[in-house]
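Everything on this sheet refers to the single structure shown next.
The values are calculated or read from the model by the stated rules, or taken from the named source; none is laboratory data. If you're wondering where the values come from, they're calculated on a predicted model, not measured in any experiment. Virtual Cβ from ideal backbone geometry, glycine too; neighbours counted across all protein chains shown.
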Amino acid sequence: MDPLIYNTLILSDLHLGAETSHAREATQVLKGNRFQRLILLGDIFADLNFARLTKEHWKFLGYIRKLSNPKRNIEVIWVEGNHDHGLATIMSHLVGVRVYQHYGWMCGGLRHLAIHGHQFDGFQVNNVRLSKLGTSLYLKLQKLDFRSKPIARLIDRLNTRWLRMSSKVSAGALHFARQHGADRIFCGHTHEALHVQQDGIDYYNAGGWVDSRMTYLTVDEKEVRIHDFHEQKFDEREFDRHDFNEHAFGEPEHAERVDGRNSGQERGQADPSFVDFTGESGLSEDVEYQGVGR
């Protein structure tokens, strides 16, 4: 029996560059599932300092580039998060994906909308500089923390609860969904996987990959599911052997590009500086990725 092919797989808040990032496990998820569309729902990077990226972090980016190859017939979408801000052009050329502020598509006759969720976090919106300072201090703390990073992970959980981010983001997202006529809306940002239903609209949070609980979402014609990494078993070899066939999937209904271009516009030629950076990084579609500049 062929494995299930999901319409969409959603993964958020990997925070590449952070000591607590579970990049290896996230790569296993991508290799161990089959899907027609992949949405990276923001904060895939911890910050803009690529020197923090480890070998496993580059391997994750390498696999994203591999999936974005047109021969795979997989649509790869990057939705910008607050930590990803300013990376739109780089990501378009580095890993071959399109970057959006929010993205919409149809599946099973329902309108789906994906947005990172920091837009509904009042503290983040009103204290951008303070948030950046906090991120910098948090990343430095991870360097000093114990091997399993218990202090950093505890602070992350307390921060989510103290700022009541989950309730704020879910309320803002549901309002945003009503404004845009969406039946389902998907966010990240809070690092807490969640499902809330209100007035016929479903809100899902994909969770994150910096804590002991690592979660992702899948969407198909029948349902949306929250998956816990520790409850899954993956056969990466079987996935890699399988030859991708062409499958029709829901057309994007509404999308807003971060770079302001038409969402249907084909990617142009890469800027030479980004091409050079890609080559130096070893970001080839057909090889395993190695660390760069280390």
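Summary of computed values
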read-out	value
Top-ranked residue in region 44-56 [being farther than 21 Å from Arg98 by Cβ and within 15 Å of the chain's Cα centre (by Cα); ranked as modelled with the highest pLDDT]	Ala46
Residue among Phe35, Phe120 that is more than 14 Å from the chain's Cα centre (by Cα), closer than 20 Å to Ala206 by Cβ and at pLDDT below 95	Phe120
Enumeration of residues in region 8-17 that are in contact with a Leu (Cβ under 6 Å, 6 or more places away or on another chain) and part of a loop (DSSP other than H, G, I, E, B)	Ser12, Gly17
Unmet requirement for Thr190, which otherwise passes all of (1) modelled with pLDDT of 95 or more; (2) in contact with a strand residue (DSSP E or B) (Cβ under 7 Å, 6 or more places away or on another chain)	(1)
Qualifying residues in region 73-88 (those that are over 18 Å from Asp121 (Cβ atoms) and of a type in the set (Val, Ile, Thr)) - the one farthest from the chain's Cα centre (by Cα)	Ile74
Hits in region 66-103 (condition: in contact (Cβ under 8 Å) with a residue 40 or more places away in the chain and in contact with a Ser or Thr (Cβ under 8 Å, 6 or more places away or on another chain))	Ile74, Gly81, Asn82, His83, His93, Leu94, Val95, Gly96, Val97, Arg98, Val99, Tyr100
Residue in region 166-184 that is in a loop (DSSP other than H, G, I, E, B) and buried (at least 18 other Cβ atoms within 10 Å of the Cβ) present	yes
The listed residue being acidic (Asp, Glu), touching a Lys or Arg at 6+ places or on another chain (Cβ under 8 Å), modelled with pLDDT under 90 and surrounded by fewer than 14 Cβ atoms within 10 Å (Cβ to Cβ), out of Asp240, Asp271, Asp235	Asp240
Per-region count, region 1-43, residues without any contact (Cβ under 8 Å) to a residue 24 or more places away in the chain and of a type in the set (D, E, K, R)	1
Test result for Lys66, closer than 24 Å to Lys222 by Cα, not in a strand (DSSP E or B) and not hydrophobic (A, V, I, L, M, F, W, C)	no
Selection count, region 18-53, where residues are assigned to a strand (DSSP E or B) and either in contact with a Lys or Arg (Cβ under 9 Å, 6 or more places away or on another chain) or closer than 13 Å to Val210 by Cβ (or both)	1
Restricting region 44-59 to residues that are crowded, with 23+ Cβ neighbours inside 10 Å and free of Cβ contacts under 8 Å to residues at least 60 places away in the same chain, the residue that is nearest to His112 (Cα to Cα)	Ile44
Matching residues in region 185-215 - criterion: being without any contact (Cβ under 8 Å) to a residue 60 or more places away in the chain and in a loop (DSSP other than H, G, I, E, B)	Glu192, Ala193, Asp199, Gly200, Ser212, Arg213
Output for region 89-113, where each listed residue is among the small types (Gly, Ala, Ser), surrounded by 20 or more Cβ atoms within 10 Å (Cβ to Cβ) and over 18 Å from Gly62 (Cβ atoms)	Gly104
